[in-house]
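*Asks:* Quick one: the structure is below, and I'll ask about it shortly.
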Amino acid sequence: MLGPASTIRFGLASLILVLCGLGAPKAWAQQGIEDPDPELRRQLIAAVTAADSFEDRFDAEVWLLDMSQRLRRFMPEREQRLEFLRQVHAEATRAKLSPEIVLAVIEVESHFERFALSVAGAQGYMQVMPFWIQEIGRPDDNLFLAATNLRYGCTILKFYLDRENGNLVNALARYNGSYGRPQYPYKVLEALNRRWYQG
């Protein structure tokens, strides 16, 4: 689904099919690729219409101040950093994910580059494949907008975490399309422990 090398075949096939204008179900079948999970499709549809925010102002200020310092090397502009962190926290909280894990995924996936585009066609901060906007019937969604990208990415990651019964390594591998290979999950966990973990 996401990531550079490990999903090139899947991503390029998806991108080619979208560019050729083939319908999704027919295109998946022709390529021998399993249809996108209907439950994930349902969750994405629900996610793009919901919104959340911090519940406690003091906790919000403490978290934002701490994470802002950690994010400064990637986003030098303070207001941009704080707005981005608010969005990350809101989307992670909505999806019942740790915001720190989401930040670690973004660091590995895009290095916090809003307009990141992988060779497989994955877009934005969380490197979401663009076929999803067609799959859930929202062709006007822009995956380079932070709020949209985070909404999709967090929903997808949570889906895989639930599917793997809370096993973060397996969920990260599924998110990246590299299930059975530990390199990507270990990169994310390394980033989490090195920069984002608040333990």
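Throughout, read-outs are computed from the coordinates displayed, never taken from laboratory work. As the structure is a prediction and not an experimental result, all values here were calculated from the model. Positions of Cβ are backbone-derived with ideal geometry, glycine not excepted, and every protein chain shown enters the neighbour counts.
*Asks:* Rank the residues Trp63, Trp132 as a footprinting-exposure proxy: fewest other Cβ atoms within 10 Å of their Cβ go first. Kindly include the intermediate steps, with their values, before the conclusion.
*Replies:* Numbers: Trp63 18, Trp132 23.
By the 10 Å Cβ count, ascending, the order reads Trp63, Trp132.
*Asks:* Which shape class, rounded, prolate or oblate, goes with segment 77-199 when its Cα gyration tensor gives a ≥ b ≥ c as root eigenvalues, a/c under 1.5 marks rounded, and past that a/b bigger than b/c marks prolate? Intermediate values should be presented prior to the final figure.
*Replies:* Details: a/c = 1.43, a/b = 1.09, b/c = 1.32.
In terms of gyration-tensor shape, rounded.
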